[in-house]
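Below: the structure, in structure tokens.
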Amino acid sequence: MANSKKASDTKTTGSQADLLNACPRVDIGGQAVMEGVMMRAPHAVAIAVRRPDQTIVVKHSPYVPLSEKHAWMGKPFLRGMVNMATMLSFGLKTLEDSTNMLGVLDEEPTKFEKWLSRVLGKGIDQIVMAVAMVLAVILAMGLFVAIPAGVETALRSAGMPPVGYTLIGGIVKILILVGYMIFAGSVPDVKRTFQYHGAEHKTVYCHEADLELTPENAKTFSRLHPRCGTAFLLIVFMISILLFLVLNILVPISNFFLRFLFHIAMLPIVAGTSYEVLKGLAHSETKLSRILRWPGLQMQRLTTREPDSGMLECAIAAMNCALFGLPKHAPRTKEGWAILKSYRESDPSYVPPAPAESEEHSEEASA
């Protein structure tokens, strides 16, 4: 997701406006995590989660885009391929971090896990993440490549022309995606994550509008955002249908395994093209662009839910910390994460109360 601040009238406070104006125009990406939200600025990542004691714990990490390390990775079309290759590992690592930050998983590793860690020379967390990545790739390849390729092969063997079996194969992909999202949304924990997904979108919209980041302001915005990963997936499937339609006419393949490998080989090209299409549609307000991005927005109704105020607070804390860093006044965990009692403490203009004032308020509350 991207964010660009405008020089229009702002409703932020004076100090906030000064800080925001000093902050360069940047793109913000986000992701819903376990009981929280991750926000990624150009050079920092912040994850904010709500712990059972209702405090907000925030982790801030520096981030260097691959395009800055290797200029060619930022070139059009190539950047989409790079994004496809890295987003799975980054997403799983972010989910792992958020789970650790919640502080609710303190189970002792089993003897097998300890043995496996010694044999492989890696930590349990790294092993679990590697296994999760492998399983995720296998599941994705099976659902979205193997099954559609099998359907196309069977229909071609039955005598159906390329236009027919390519369109049906593409529709099968989309139906599997929709079915998977509906099933995931029926799981209570995933449904809460979808609510945080909605909170992420609303917060980015609020920031783009140059409004003060508060739950009251953020909740007025839509939970559907044109630069969401869900919209990207749908565009990937639509582009793949068009591309495979042309290629199936030019290079007909009857063998299932060859077709399966062919689909995998074309994934980088499809991803690179889809990425550029998504960016182009998201930054354009022509009537045609709005029509073309409408299906992707509607797909997000399956992966987002209306968040509550507490979820919006987490998203706001992540946004502020990604842009401005962790609040210096906030206490830290042993890992270096900031502990916030309120999302307001993440605001760069927040001034903590003086110790005497804090004690006076505490005595009044006790009385």
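No lab work stands behind these numbers, since they all come straight from the coordinates. For clarity, every value in this text was computed on a predicted model and none was experimentally measured. Reconstructed Cβ throughout: ideal geometry from the backbone, glycine too, with neighbour counts over all protein chains shown.
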Mean Cβ count within 10 Å, highest first, over the residues of peptides 307-314, 238-245: 307-314, 238-245
Rounded if a/c under 1.5, otherwise prolate or oblate - segment 208-367, Cα gyration tensor axes: prolate
Charge dipole (debye, nearest 20) of segment 14-366; +1 at Cβ of Lys and Arg, -1 at Cβ of Asp and Glu: 1780
Using a Förster distance of 41 Å, the FRET efficiency for Glu68-Ala158 (Cβ separation, nearest 0.05): 0.20
Estimated FRET transfer efficiency (Ala85, His329; beta-carbon r; R0 56 Å; 0.05): 0.90
Listed peptides 148-154, 31-37 by packing density, highest first (mean Cβ within 10 Å): 31-37, 148-154
Sorted by Cβ density within 10 Å, fewest first, the residues Arg305, Arg259: Arg305, Arg259
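Packing-wise, with mean Cβ within 10 Å as the measure, how do 59-68, 91-100 rank, highest first?
Values: 59-68: 14.6, 91-100: 18.2.
Put in order of decreasing packing, that is 91-100, 59-68.
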Segment 139-199 shape via C-alpha gyration tensor axes, a/c threshold 1.5: prolate
Size of segment 14-366 as Cα extents on the principal axes (Å, biggest first): 83, 59, 42
Leu250-Ala140 FRET efficiency (beta carbon distance; Förster radius 30 Å; 0.05 resolution): 0.65
